[in-house]
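One structure is given below, encoded as C-alpha coordinates.
The values are calculated or read from the model by the stated rules, or taken from the named source; none is laboratory data. Nothing here was measured: the structure is a model prediction, and the numbers come from that model. Neighbour counts run over all protein chains shown; Cβ positions are idealised from the backbone, glycine included. The protein model used for the area step is the full one, side chains on, heavy atoms only, and it has no ligands, DNA or RNA in it. Shrake-Rupley method; radii C 1.70, N 1.55, O 1.52, S 1.80 Å.
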Amino acid sequence: MIDQFLSNFQDGVYHIFNLKAYDHILFLIVLTVPYLFKDWKRVFILISMFTVGHCVSLALTTYDIINVNLKLIEILIPISILIVALFNVFTAGKKSHGTTFGLVFFATLFFGLIHGLGYVGTFERLISSSENKLLALLEIGLGIEVGQLFVAFIVIFLSFLCQTIFRFSKRDWVMVTSAIVVGFVLPILIKSDLFS
(Lines give C-alpha, C1' and ligand atoms only; values in the text may rest on other atoms or scores of the structure.)
Protein backbone atom coordinates (compact mmCIF):
# COMPACT_ATOMS: atom_id res chain seq x y z
CA MET A 1 0.00 0.00 0.00
CA ILE A 2 2.81 2.43 0.88
CA ASP A 3 4.57 1.43 -2.34
CA GLN A 4 1.46 2.31 -4.35
CA PHE A 5 1.18 5.65 -2.55
CA LEU A 6 4.83 6.49 -3.27
CA SER A 7 4.47 5.45 -6.89
CA ASN A 8 1.38 7.63 -7.39
CA PHE A 9 2.93 10.52 -5.47
CA GLN A 10 6.07 10.32 -7.64
CA ASP A 11 3.92 10.25 -10.78
CA GLY A 12 2.27 13.48 -9.65
CA VAL A 13 5.61 15.16 -8.95
CA TYR A 14 7.01 13.89 -12.26
CA HIS A 15 4.04 15.41 -14.08
CA ILE A 16 5.21 18.84 -12.93
CA PHE A 17 8.91 18.31 -13.66
CA ASN A 18 8.48 16.49 -16.98
CA LEU A 19 10.46 18.75 -19.30
CA LYS A 20 8.66 17.31 -22.34
CA ALA A 21 5.49 18.89 -20.95
CA TYR A 22 7.04 22.14 -19.75
CA ASP A 23 3.80 24.08 -20.27
CA HIS A 24 2.89 23.32 -16.66
CA ILE A 25 6.11 24.96 -15.43
CA LEU A 26 5.48 27.96 -17.70
CA PHE A 27 2.02 28.40 -16.17
CA LEU A 28 3.43 28.18 -12.64
CA ILE A 29 6.09 30.78 -13.48
CA VAL A 30 3.58 33.37 -14.68
CA LEU A 31 1.19 32.50 -11.86
CA THR A 32 3.75 33.09 -9.10
CA VAL A 33 6.23 35.64 -10.52
CA PRO A 34 4.30 38.69 -9.17
CA TYR A 35 4.68 37.47 -5.57
CA LEU A 36 7.37 37.45 -2.89
CA PHE A 37 7.89 35.36 0.27
CA LYS A 38 5.62 37.66 2.26
CA ASP A 39 2.78 36.59 -0.05
CA TRP A 40 3.24 32.87 0.73
CA LYS A 41 -0.36 32.34 1.93
CA ARG A 42 -1.77 33.79 -1.26
CA VAL A 43 0.61 31.72 -3.41
CA PHE A 44 -0.26 28.57 -1.44
CA ILE A 45 -3.99 29.16 -2.01
CA LEU A 46 -3.43 29.89 -5.71
CA ILE A 47 -1.40 26.70 -6.17
CA SER A 48 -4.00 24.70 -4.25
CA MET A 49 -6.83 26.14 -6.40
CA PHE A 50 -4.90 25.08 -9.48
CA THR A 51 -4.41 21.56 -8.04
CA VAL A 52 -8.11 21.30 -7.13
CA GLY A 53 -9.10 22.27 -10.67
CA HIS A 54 -6.60 19.77 -12.05
CA CYS A 55 -7.96 16.94 -9.88
CA VAL A 56 -11.63 17.79 -10.48
CA SER A 57 -11.20 17.57 -14.25
CA LEU A 58 -9.34 14.24 -13.89
CA ALA A 59 -12.15 12.90 -11.68
CA LEU A 60 -14.83 14.05 -14.13
CA THR A 61 -13.14 12.26 -17.03
CA THR A 62 -12.17 9.16 -15.02
CA TYR A 63 -15.79 8.56 -14.04
CA ASP A 64 -17.02 9.38 -17.57
CA ILE A 65 -18.97 12.45 -16.48
CA ILE A 66 -17.43 14.51 -19.29
CA ASN A 67 -15.66 13.71 -22.54
CA VAL A 68 -12.63 15.65 -23.70
CA ASN A 69 -11.76 17.11 -27.08
CA LEU A 70 -7.97 16.82 -26.80
CA LYS A 71 -7.31 19.12 -29.76
CA LEU A 72 -9.28 21.89 -28.08
CA ILE A 73 -7.46 21.33 -24.77
CA GLU A 74 -4.08 21.41 -26.55
CA ILE A 75 -4.98 24.89 -27.78
CA LEU A 76 -6.54 26.11 -24.50
CA ILE A 77 -3.50 25.23 -22.36
CA PRO A 78 -1.05 27.62 -24.10
CA ILE A 79 -3.83 30.22 -24.39
CA SER A 80 -4.30 30.05 -20.59
CA ILE A 81 -0.55 30.59 -20.08
CA LEU A 82 -0.58 33.48 -22.55
CA ILE A 83 -3.54 35.14 -20.78
CA VAL A 84 -1.83 35.05 -17.38
CA ALA A 85 1.50 36.22 -18.85
CA LEU A 86 -0.16 39.16 -20.62
CA PHE A 87 -2.14 39.96 -17.47
CA ASN A 88 1.20 40.19 -15.65
CA VAL A 89 2.72 42.40 -18.35
CA PHE A 90 -0.19 44.85 -18.30
CA THR A 91 -0.56 44.93 -14.51
CA ALA A 92 3.11 44.86 -13.48
CA GLY A 93 3.79 47.53 -10.90
CA LYS A 94 0.09 47.95 -10.12
CA LYS A 95 -1.80 46.69 -7.09
CA SER A 96 -4.10 44.38 -9.09
CA HIS A 97 -2.49 41.14 -7.86
CA GLY A 98 -3.34 42.04 -4.29
CA THR A 99 -6.84 43.40 -4.85
CA THR A 100 -8.47 41.18 -7.48
CA PHE A 101 -8.69 38.16 -5.20
CA GLY A 102 -11.79 36.66 -6.80
CA LEU A 103 -10.80 37.11 -10.44
CA VAL A 104 -7.28 35.69 -10.12
CA PHE A 105 -8.36 32.77 -7.95
CA PHE A 106 -11.34 31.75 -10.09
CA ALA A 107 -9.23 32.11 -13.23
CA THR A 108 -6.59 29.86 -11.61
CA LEU A 109 -9.24 27.25 -10.73
CA PHE A 110 -10.58 27.37 -14.31
CA PHE A 111 -7.09 27.05 -15.79
CA GLY A 112 -6.46 24.12 -13.42
CA LEU A 113 -9.50 22.40 -14.92
CA ILE A 114 -8.11 22.96 -18.43
CA HIS A 115 -4.60 21.76 -17.56
CA GLY A 116 -6.03 18.69 -15.82
CA LEU A 117 -7.88 17.75 -18.99
CA GLY A 118 -4.55 17.83 -20.83
CA TYR A 119 -3.24 15.16 -18.43
CA VAL A 120 -6.17 12.76 -18.86
CA GLY A 121 -4.49 10.28 -21.23
CA THR A 122 -1.38 9.88 -19.07
CA PHE A 123 -3.46 9.75 -15.89
CA GLU A 124 -5.71 6.98 -17.22
CA ARG A 125 -2.65 4.90 -18.12
CA LEU A 126 -1.20 5.45 -14.63
CA ILE A 127 -4.33 4.34 -12.77
CA SER A 128 -5.46 1.57 -15.16
CA SER A 129 -4.29 -1.16 -12.74
CA SER A 130 -5.42 0.68 -9.61
CA GLU A 131 -8.25 -0.83 -7.55
CA ASN A 132 -9.25 2.48 -6.01
CA LYS A 133 -9.16 5.20 -8.68
CA LEU A 134 -10.23 7.97 -6.32
CA LEU A 135 -7.42 7.16 -3.88
CA ALA A 136 -4.93 7.05 -6.78
CA LEU A 137 -6.23 10.45 -7.94
CA LEU A 138 -5.71 11.94 -4.48
CA GLU A 139 -2.20 10.49 -4.22
CA ILE A 140 -1.22 11.81 -7.65
CA GLY A 141 -2.90 15.13 -6.78
CA LEU A 142 -0.76 15.39 -3.64
CA GLY A 143 2.35 14.82 -5.77
CA ILE A 144 1.18 17.50 -8.20
CA GLU A 145 0.61 19.92 -5.30
CA VAL A 146 4.07 19.31 -3.81
CA GLY A 147 5.74 19.62 -7.23
CA GLN A 148 3.90 22.87 -7.94
CA LEU A 149 4.81 24.32 -4.54
CA PHE A 150 8.46 23.48 -5.21
CA VAL A 151 8.37 25.30 -8.56
CA ALA A 152 6.60 28.25 -6.91
CA PHE A 153 9.32 28.37 -4.22
CA ILE A 154 12.04 28.46 -6.89
CA VAL A 155 10.27 31.27 -8.78
CA ILE A 156 9.76 33.30 -5.60
CA PHE A 157 13.37 32.68 -4.53
CA LEU A 158 14.62 33.91 -7.92
CA SER A 159 12.30 36.92 -7.61
CA PHE A 160 13.80 37.65 -4.20
CA LEU A 161 17.37 37.38 -5.53
CA CYS A 162 16.72 39.55 -8.57
CA GLN A 163 14.81 42.22 -6.67
CA THR A 164 17.02 42.46 -3.58
CA ILE A 165 20.54 41.51 -4.70
CA PHE A 166 20.48 42.52 -8.37
CA ARG A 167 18.11 45.47 -7.74
CA PHE A 168 15.58 44.74 -10.48
CA SER A 169 12.38 46.64 -9.87
CA LYS A 170 9.41 44.38 -9.24
CA ARG A 171 7.68 45.83 -12.30
CA ASP A 172 10.63 45.07 -14.59
CA TRP A 173 11.13 41.58 -13.15
CA VAL A 174 7.48 40.61 -13.64
CA MET A 175 7.32 42.13 -17.13
CA VAL A 176 10.57 40.57 -18.39
CA THR A 177 9.83 37.12 -16.92
CA SER A 178 6.28 37.13 -18.29
CA ALA A 179 7.51 38.31 -21.70
CA ILE A 180 10.04 35.45 -21.78
CA VAL A 181 7.21 32.99 -21.06
CA VAL A 182 5.19 34.57 -23.90
CA GLY A 183 8.21 33.86 -26.11
CA PHE A 184 8.03 30.17 -25.16
CA VAL A 185 4.24 29.94 -25.51
CA LEU A 186 3.83 31.53 -28.94
CA PRO A 187 5.65 28.68 -30.78
CA ILE A 188 3.43 26.16 -28.96
CA LEU A 189 0.36 28.07 -30.16
CA ILE A 190 1.69 28.39 -33.71
CA LYS A 191 2.30 24.62 -33.85
CA SER A 192 -1.21 23.91 -32.56
CA ASP A 193 -4.30 23.34 -34.71
CA LEU A 194 -5.30 26.95 -34.09
CA PHE A 195 -3.08 28.08 -36.99
CA SER A 196 -3.25 25.01 -39.22
ask   = Do we find that Thr61 is β-branched (Val, Ile, Thr), buried (at least 21 other Cβ atoms within 10 Å of the Cβ) and assigned to a helix (DSSP H, G or I) in this structure?
value = no
ask   = When residues of the stretch 143-162 are filtered for being closer than 30 Å to Val89 by Cα and open to solvent by less than 30 Å² (accessible area, probe 1.4 Å), how many remain?
value = 10
remark   = Counting only helices (runs of 4 or more DSSP H) entirely within the stretch 114-196, those with at least 2 residues that are among the charged types (D, E, K, R) and modelled with pLDDT under 90 are 120-127
task = Search the stretch 125-142 for residues that are open to solvent by 90 Å² or more (accessible area, probe 1.4 Å) and pair each with any residue that is not acidic (Asp, Glu) when their beta-carbon atoms are under 8 Å apart and the residues are at least 6 apart or on different chains.
result = Leu138/Cys55
Matching residues, the stretch 79-113, being modelled with pLDDT under 85 and not small (Gly, Ala, Ser) = Lys94, Lys95, His97, Thr99, Thr100, Phe101, Leu103, Val104
task = Would you mind stating whether Lys38 is out of contact with any helix residue (DSSP H, G or I) (no Cβ under 9 Å at 6 or more places or on another chain) and open to solvent by 10 Å² or more (accessible area, probe 1.4 Å)?
result = yes
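So in the stretch 80-94, with the set limited to residues that are closer than 17 Å to Gly112 by Cβ and in contact with a Ser or Thr (Cβ under 9 Å, 6 or more places away or on another chain), which one is surrounded by the fewest Cβ atoms within 10 Å (Cβ to Cβ)?
Restricting to residues being closer than 17 Å to Gly112 by Cβ and in contact with a Ser or Thr (Cβ under 9 Å, 6 or more places away or on another chain), the top hit is Phe87.
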request  = Pick out the one residue from Leu134, Leu138, Leu109 that is touching a Cys at 6+ places or on another chain (Cβ under 9 Å) and of a type outside the set (Ser, Thr, Tyr).
outcome  = Leu138
